[in-house]
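The values are calculated or read from the model by the stated rules, or taken from the named source; none is laboratory data. Given the structure is predicted, the values throughout are model-derived calculations rather than measurements. Note that we place each Cβ from the backbone using ideal geometry, even for glycine, and neighbour counts take in every protein chain shown.
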Amino acid sequence: MIANDIERQIAEGELVPGERLKTERELVVKYDVSKMTLRHAFDELIKKNVIINRYHQGYFVTNANIYRDKEIMGVTEMFARRGLEIKSEVVKLAKVFPDPEAKEMLQLKEGEWIYRLERIRRASHEVMLLEYANIVASKVPNLEMFNFEEFSLFDVYHKHYGIHVSWARDEISADWVAGKQAAILLDRKTGPALIVKNLSFDQSGTPLEYTTQIYNYKVFTYTVISNQTTPKYSAELED
């Protein structure tokens, strides 16, 4: 809870790179936790390079992380902004137990379920990305009744469940894909791809969805724009 809230403050510009966090005493009172619990949260943020501990000075927001400071939107909405209609092929939609990575990222307890939604996303008859979404099942009961070849996941969250994605964090990397993924995405046995791992939070500040998106490198790039105060990025499709 503490780590997520601090990351939310950074994402929303309440805390900026280089800014010092409040003192341990102030944060213990604010979150109503012990010093040990607070330090566990700090350790988690340090491991993720979100904050650093400067000896005898306190904890500071690092300059190494890039966060959204623009409207959060789903893939369907992002492509629509570029004048492209996204077509989806649902490969899988099932209620399952999460794998260890999804369980950790979504902060699930033993025995809690997720919905696993796997889709191939196309635009202009070309495969743009492969998408593997893990969604907390308790937040979206009966999700399987929706046809996600027709509906936007973000629209369903908002219109049917009253859920608003309040903030999100993306981890972006370049990697090599092979086998079935490369065949579908690139029409070859192996090749490069852009990997985006997105963790989205609802209006209560708790994890809602953890998704891996594998983008066709030929049609998608990330552009990073930085200034002296708040770094930001934008996602763009190649024209």
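Within segment 135-173, the set of residues being under 16 Å from the mean Cα position of the chain (by Cα) and over 14 Å from ASP202 (Cα atoms) comprises ASP170, GLU171, ILE172, SER173. Sub-9 Å Cβ pairs linking a first residue in segment 30-43 that is without any contact (Cβ under 8 Å) to a residue 24 or more places away in the chain to a second residue that is basic (Lys, Arg), at least 6 apart or interchain, are LYS30/LYS22; LYS35/ARG25, ordered by first then second residue. Among the residues of segment 96-119, the ones that are part of a strand (DSSP E or B) and under 18 Å from the mean Cα position of the chain (by Cα) come to 6 in all. Just a yes or no: is a residue in segment 18-34 at pLDDT below 90, of a type outside the set (D, E, K, R) and outside any helix (DSSP H, G or I)? Yes - at least one qualifying residue is present in segment 18-34. Filtering segment 77-108 down to residues that are among the basic types (Lys, Arg) and either in contact with a helix residue (DSSP H, G or I) (Cβ under 6 Å, 6 or more places away or on another chain) or modelled with pLDDT of 95 or more (or both), which residue is surrounded by the fewest Cβ atoms within 10 Å (Cβ to Cβ)? Here the answer is LYS92. In segment 126-239, counting only strands (runs of 3 or more DSSP E) that sit wholly within it, the ones holding 1 or more residues that are modelled with pLDDT of 90 or more span 126-136, 167-178, 190-201, 207-216.
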